[in-house]
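Trainee: Got a structure here, written out as structure tokens. Questions coming.
The values are calculated or read from the model by the stated rules, or taken from the named source; none is laboratory data. Not measured: the values here are computed from a predicted model. Don't worry about glycine lacking a Cβ; one is built from the backbone with ideal geometry, like all the others, and counts go over all protein chains shown. Heads up: the accessible areas ignore ligands, DNA and RNA and are worked out on the full protein's heavy atoms, side chains in. Shrake-Rupley method; radii C 1.70, N 1.55, O 1.52, S 1.80 Å.
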Number of protein chains: 2
Amino acid sequence: MPARAFDDLVRTITGDQPPRVWSLLVTVFGDLAQQEGARIGGPTLNRLTELMGIKPEATRVALHRLRKDGWIDSRRAGRSSTYGLTAWGRKQSAAASPRIYATGPLAESAWLVLTDPREGAERPGAVQVSPCIWIDVRRPDDDGVFSAEIAADTGLPDWMSAKVCDAGTCSQSQDVSIRCAELLKQLGSSPELSQPEAAALRVLTVHGWRRLALKAPALPDFVFPNGWHGPQCRSLVAELLAALPAPPLSDLERAAQADRAA
Amino acid sequence: MPARAFDDLVRTITGDQPPRVWSLLVTVFGDLAQQEGARIGGPTLNRLTELMGIKPEATRVALHRLRKDGWIDSRRAGRSSTYGLTAWGRKQSAAASPRIYATGPLAESAWLVLTDPREGAERPGAVQVSPCIWIDVRRPDDDGVFSAEIAADTGLPDWMSAKVCDAGTCSQSQDVSIRCAELLKQLGSSPELSQPEAAALRVLTVHGWRRLALKAPALPDFVFPNGWHGPQCRSLVAELLAALPAPPLSDLERAAQADRAA
């Protein structure tokens, strides 16, 4: 599609702030090349990032840093290189995927946990509401701890749900859901996208939601504040990803070459 | 029965510390003469308190104070007086009776309540575990408050149940249950009691348990510490009261006169 029209779609999903390149590339590999042995050619990567509004120099710097950080490795292939996740990078991506791609609630039940105020306590993965009040997705089995299941129809008071998800995160979730809904609308009335264009929008969609999905605790939606639009985001992201399916990498390589040639 | 043998029974239930007379008379009227119009003659009262190890002078002073405090009134009847609860005194007695005479748990369910730590909170009737953690017998319906039913099979951790009932109260409940069990055993092998003797032991049984029953919160037994022998007390007190039924006051008056004449 015409470059200007496509840039409008990109701006719809990213807003005016272009994403940080290092982090965006983590999403590219995690979304398009997470399976073992998957590799993306340098030219294809450049084409994708260019479509997302990133300059080739910025992509080069970010790829260098990702290699140094152990996320990806590179291999020479003729005149250019191919890039793929390292075993460690693949593990990180796989660990994050269930939260990013979940189409429903991340948990069905939550437990209120009270710990002895005379003792310091840490509960990894649990939300700390006050020094000895926690919300945990697991029923605790340690001694000296009280627990009660939080009924789904209870609704937490504001002062508790605000600790599950703060106002800033809620506001971001509203932003993401608005952008996703708008992109979905615009896609309906757009001329057909090339495979690289579709892949670029797909990655940007995942990326916009990824940070939020990983920041919010993996608790049932009913313990979140009303302002949290996570459920809407999940469902809109799922719709967008269905509309923008991940292409086989070999197709993407060919299409990126054809795209650049055009 | 012989005075010395009877005194042994009295000591079994009261221990070495004789009860305070004012408070004991409140139990006498509440237990034997709570119904409207019920009156006890001065000589009968003296006989009962004498059997409990109280001197006539102490009874006279306590009756005077109870009249001044509005618990009872007195009426001349020939050469002596009769005493009965005032409407106010009857109301106090009736309000306390369900807890004193309960033969089973005082409640079936309990709610954990969390109040906003930024706000001061008072919850009449609820046990305060920490500044914003409460245990209440009612499900709260006020805004800004979290609640979860406490499952009967959960078992509270020590630091919580200790706030429901402290170690001193637990230890008193063990004392009461031991005394009641011992009295029950001794009654089984005792010669027959006169009506005033039975009434005196009955009142002393109620009295020993009354203070404890009113001090402990009206919550289900499963939120109490293991050291709380309330359930045992309730069942032993019920057994004793069945073995020592409250006599009709007219019978008691006649028997007390006969007793004194003997």
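Trainee: Counting other Cβ atoms within 10 Å, which chymotrypsin sites (Phe, Trp or Tyr not before Pro) in the range A:55-155 have at most 15 and lie in a DSSP loop?
Mentor: Values: sites: A:71, A:83, A:88, A:101, A:111, A:134, A:146; in loops: A:71.
Qualifying residues, ordered by number: none.
Trainee: Grab every C-alpha pair in the range B:1-122, bin the distances at 10 angstrom width from 0 up to the longest one, and report whole percents.
Mentor: The calculated distribution, bin by bin, is 11, 33, 28, 15, 9, 4, 0.
Trainee: Another question about this same structure. At a Förster radius of 51 Å, what calculated FRET efficiency corresponds to the Cβ-Cβ distance of residue B:243 and residue B:141, to the nearest 0.05? All intermediate terms of the calculation are to be shown ahead of the outcome.
Mentor: Working: r = 44 Å, r/R0 = 0.86.
My answer for the efficiency is 0.70.
Trainee: Taking accessible area as the heavy-atom solvent-accessible surface of the protein chains with a 1.4 Å probe, which residues of the range B:71-120 lose no less than 50 Å² upon going from the isolated chain to the full protein assembly?
Mentor: B:114
Trainee: On to the next question. If the cut-off is a Cα-Cα distance under 24 Å, which lysines reach residue B:91, setting aside same-chain residues fewer than 8 apart in sequence?
Mentor: Excluding near neighbours in sequence, the set is B:68, B:215.
Trainee: Say R0 is 22 Å: what FRET efficiency, to the nearest 0.05, do residue B:232 and residue B:38 get from their beta-carbon distance? List each step's numbers first, then the result.
Mentor: Working: r = 31 Å, r/R0 = 1.41.
It comes to 0.10.
Trainee: A further question on this structure: What angle do you read, to the nearest 10 degrees and between 0 and 90, between the alpha-carbon axis of helix B:230-243 and the longest principal axis of chain B?
Mentor: Roughly 20 degrees between the two axes.
Trainee: Out of all DSSP beta bridges with both ends in the range B:10-141, state the antiparallel percent to the nearest 5.
Mentor: Values: 15 of 15 bridges.
About 100 percent, rounded to the nearest 5.
Trainee: Moving on. Would you mind estimating how fast the protein assembly as shown diffuses translationally, via Stokes-Einstein at 37 °C and 0.692 mPa s with the Kirkwood radius over Cα pairs, in µm²/s?
Mentor: Numbers: Rh = 29.5 Å.
Answer from the Stokes-Einstein relation: 111 µm²/s.
Trainee: Still on this structure, I have one more. Could you check the simple spin-label distance between residue B:5 and residue B:181, using points 7 Å along Cα→Cβ, in nm with one decimal?
Mentor: 2.5 nm
Trainee: With every protein chain left in place, what is the accessible area per residue of chain B in square angstrom, probe 1.4 Å?
Mentor: Details: 12940 Å² over 262 residues.
Here the per-residue accessible area is 49 Å².
Trainee: In peptide A:124-132, what is the residue-averaged number of other protein chain Cβ atoms found within 10 Å of each Cβ? Don't jump to the answer; show the numbers that get you there.
Mentor: Working: counts 0, 0, 0, 0, 0, 4, 7, 2, 5.
For this peptide, the per-residue mean of nearby foreign Cβ atoms is 2.
Trainee: Okay, next question. For chain A, find the longest principal axis of its Cα atoms and tell me its angle to the long axis of helix A:21-32, 0 to 90°, nearest 10.
Mentor: 90 degrees
Trainee: OK, next. Rounding to the nearest 10 and keeping the result within 0 to 90°, find how far the Cα-based axis of helix B:249-261 lies from the longest principal axis of chain B.
Mentor: 50 degrees
Trainee: For chain B, what is the mean residue ellipticity at 222 nm derived from helices alone (per DSSP H run of n ≥ 4: -39500 (n - 2.57); sum divided by total residues; nearest 500 deg cm²/dmol)?
Mentor: Taking each H run of at least 4 residues, the total per residue is -17000 deg cm²/dmol.
Trainee: For chain A, which longest stretch is free of loop sites, where a loop site is one of the GluC sites (Glu not before Pro) that DSSP puts outside H, G, I, E and B and that has at most 11 other Cβ atoms within 10 Å? Write out the running numbers ahead of the final one.
Mentor: On the way: sites that count: A:36, A:108, A:119, A:122, A:192.
With a cap of 11 other Cβ atoms within 10 Å, the longest stretch comes to A:37-107.
Trainee: Summing both sides, how much accessible area is buried between A and B? Use a 1.4 Å probe and give Å² to the nearest 100.
Mentor: Values: alone 13710 and 13690 Å², together 25890 Å².
Summing both chains' loss of accessible area gives about 1500 Å².
Trainee: OK, next. Over the protein assembly as shown, what percent of the accessible surface lies on carbon and sulfur atoms, probe 1.4 Å? Can you show the working numbers first?
Mentor: Numbers: 12900 of 25890 Å².
Reported share for carbon and sulfur atoms: 50 percent.
Trainee: Ok, one more. List the trypsin sites (Lys or Arg not before Pro) within the range B:8-82 that DSSP assigns to loop and that have no more than 14 neighbouring Cβ atoms inside 10 Å. Numbers along the way, then the final one.
Mentor: Numbers: sites: B:11, B:20, B:39, B:47, B:60, B:65, B:67, B:68, B:75, B:76, B:79; in loops: B:20, B:39, B:79.
The qualifying sites are B:20, B:79.
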